[in-house]
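Here the structure comes first, spelled out in structure tokens, and everything after it is commentary.
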Amino acid sequence: MAGSRRIPARNAETESPKRKPHVVHFSSQTSEWPTPQWLFDELNEEFNFTLDPCSTDENAKCSHHFTRQDNGLLKNWRREIVFMNPLYGREIGAWMGKAFDAAQNGATVVCLVPSRTDTQWWHTHAMRGEVRFLRGRLKFGNSSNSAPFPSALVIFRAGPGRPAGPFSSFARRDHIRTA
Ligand SMILES: C[S@@+](CC[C@H](N)C(=O)[O-])C[C@H]1O[C@@H](n2cnc3c(N)ncnc32)[C@H](O)[C@@H]1O
């Protein structure tokens, strides 16, 4: 889509119904939430990434990458060192599940995700990784606006049976769903 589009400034999952909604303009490029280059570069120094499984040919962060046409979810990530900035909609749970499973099978996966600590995917998968919460908010793509959500890095190190971080999950018993 060309031009800019208006998106809600806050995450609907955590929005208080009483809060007055406000909107922030993001370009169509930003609505893809491309990783800020400085963040990728710093992480790349530490991890030396070999695969970007969620990309277009234009925004891929690694020469070895998968696009929507390839469907990175269905590919074998083998023992790659993966930088994953997934789709932020309902699909995110499937991507986090894939990242976790790939790490169990020998990949190292660094995930850049919205810090949505109240969601099912966070409790099921993110809490089983090493979490680095980002201070401040990222400016995605070319945007001069900060994102309307905080971000975190979730790192799944290669190997089976990695212990969970020092977190635990708490929910009303009748609210616990299996996933
Ligand atoms: C949040 S963007 C990340 C872009 C880039 N990798 C980066 O870090 O800047 C997610 C990308 O995944 C792509 N994508 C969507 N479905 C996909 C799929 N099934 N397999 C691989 N990539 C997909 C989108 O087109 C989008 O460019």
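What follows draws every value from the coordinates through simple rules; no lab data is involved. This one's a predicted model, so the numbers in the text were calculated from it and none came from an experiment. Cβ: placed from backbone, ideal geometry, glycine included. Neighbour counts: every protein chain shown.
Kindly rank 109-116, 131-138, 150-157 from highest to lowest mean number of other beta carbons found within 10 Å of each residue.
Numbers: 109-116: 22.6, 131-138: 13.1, 150-157: 19.4.
Ranking the peptides 109-116, 131-138, 150-157 by packing returns 109-116, 150-157, 131-138.
How do 68-80, 44-56 rank on mean C-beta neighbours within 10 Å, highest first? Can you show the working numbers first?
On the way: 68-80: 13.5, 44-56: 17.6.
Per-residue mean Cβ counts within 10 Å order the peptides as 44-56, 68-80.
Sort the following peptides by mean Cβ neighbour count (other Cβ atoms within 10 Å, averaged over residues), highest first: 123-130, 88-95. Don't skip to the answer; put the middle values down first.
Values: 123-130: 20.0, 88-95: 14.9.
So the peptides 123-130, 88-95, ranked by packing, come out 123-130, 88-95.
Report, ordered by chain and residue number, the aspartates and glutamates lying within cross-link reach of Lys98, taken as a straight Cα distance under 14 Å and ignoring same-chain residues fewer than 8 apart.
Asp52, Glu80
Using the 2.2 N^0.38 Å rule of thumb for compact globular proteins, work out how region 26-159 stacks up: its C-alpha Rg over that value, please.
For region 26-159, the normalised Cα radius of gyration comes out at 0.97.
Taking the Cα centre of region 26-159 as the origin and placing charges on Cβ (Lys, Arg +1; Asp, Glu -1), which of Ala158, Asn59, Asn71 is farthest toward the positive end of the dipole?
Ala158
Sorted from largest down, what three extents in whole angstroms do the Cα atoms of region 81-122 have along their principal axes?
Computed over the Cα atoms, the extents are 28, 16, 16 Å.
Before anything else, pin down the relative contact order of region 26-159: Cα pairs under 8 Å, at least 6 apart, normalised by residue count, whole percent. Don't skip to the end; give the middle numbers.
Details: 234 pairs, mean separation 33.3, N = 134.
Averaging sequence separation for qualifying contacts and normalising by length gives 25 percent for region 26-159.
Would you give the gap between the C-alpha center of region 68-138 and the C-alpha center of region 33-51, rounded to a whole Å?
15
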